[in-house]
Amino acid sequence: MFKNLKEILPDGKVKRQKKDKRDLPKARGNGKGVRIFIWTMIIVVGCSGVFAYSKAIKADKVTQKTQASIEKLENKKVMQTTSAYDNHTLLMYSEAFLQAYINIPLSNEQRQVRTDNLTNYYAEGITQDDVSGFVGYRTLKDKTYFSTEKTEAGVIVKYKVTYTNVNTVEKQRTKPQKYKEAGKDKVRQVVEKYNEEVKHDVTALVNIPIVAEKEKFAVSENIYFSAIPTLNAEGVPAILNNLEESPETSASTKEDVEAYLMDFFQKYATAPLTDLGYMMAEPEGLQGIKVFDSIPYLKVYAGNKKEVIAKVKVIFKDKETELLQTELFTLDLEKKDGNYFVKALKHTLGGN
């Protein structure tokens, strides 16, 4: 057996078969170029995206800035328009026009001056009424600002006015006239013609259409008259005690509150605010305008914690005339160190 192995392995070693050397084919030279191209494209696309995003943000900021500028200009225009119509100068202008318009002088010469003056107020294209045929004159007796109504074109400023129309009427009258006849003094009645003024007061609402242009004004259309509307609302219920149906505090608490309020309202009528500062969170009072008279109505209700709510009718009177004035109050009272303190005072029975 060993002989056979010796024959197979003469040197006593296992001989390995030599491997053929096979070199792998090298990658083609253009592979590196492809990789460079791909990465270049990735970088270009990435940079383009960043650039596009940056440009979009910049464009969006520009758009927002432009929009903000437009809104600012529009708001400024609205503010200028609003301020022009809300400005006190509008009332100064309209009152000056009203004076010039309502007053119509007697002489034609002065009427021409009026016409020329009104031309300065009217917008271009407005034709004034001919007043040459008016026998008499017109004067503004009284005026009161009524309201300002906004329109699409501008505003209509309204005034309650009372003016006097004065007409001249030709009349006749007789008067004694002395004359001589045959050397004797005699008296006879003769007819005399004269002009008499007839006055008639008119009260109406004058409506003046006005537009604003570069902080100046013009009467944009012919003015018009209208009857004065009633300002009295009908069927409106009075504000009453909103706690009327709620249970009141105990009788002893009500007595304490009433005693306090008798003293408080005497001081409220006559004391200076410095003294009332010790009794009220926000001092106020009549400071001698009137004097306290009585409390004909008092309801006291429980409030929060140590507070009570007093609903009061108080009668004050004038020192000189003894005229009585009833005023309404709701007071939030808080007890501090055994004394009440007015946390809040309202001139109504409705608030709590």
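Please treat every number below as a calculation from the coordinates, not as lab data. Every value quoted in this text rests on a predicted model; they were computed, and no experiment measured them. Reconstructed Cβ throughout: ideal geometry from the backbone, glycine too, with neighbour counts over all protein chains shown.
Are there trypsin sites (Lys or Arg not before Pro) in region 195-258 that DSSP puts in a loop and that have at most 15 other Cβ atoms within 10 Å, and which ones? Each step should come with its number before you reach the end.
On the way: sites: K199, K214, K216, K254; in loops: K214.
Here the trypsin sites (Lys or Arg not before Pro) that fit, given the DSSP loop and packing criteria, are K214.
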- Task: Subtract the Cα-Cα distance of T164 and D129 from 0.36 nm times their separation in residues, and report this length gain in nm to one decimal.
- Result: 10.7 nm
- Item | Computed magnitude of the charge dipole of region 257-352 (debye, nearest 20; Cβ of K, R +1, Cβ of D, E -1) | 340
- Item | Directionally averaged shadow of region 126-233, computed from the convex hull of its alpha-carbon atoms, nm² | 12.5
- Show which aspartates and glutamates lie in cross-link reach of K299 when reach means a straight Cα distance below 18 angstrom and same-chain residues fewer than eight apart are skipped. E244, E245, E248, E255, D256, E258, D263, E307, E327, D332, E334
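Once R0 is set to 45 Å, what does the formula 1/(1 + (r/R0)^6) return for the Cβ-Cβ distance between M92 and D337, expressed as a FRET efficiency to the nearest 0.05?
Numbers: r = 56 Å, r/R0 = 1.25.
Plugging the Cβ-Cβ distance into 1/(1 + (r/R0)^6) gives 0.20.
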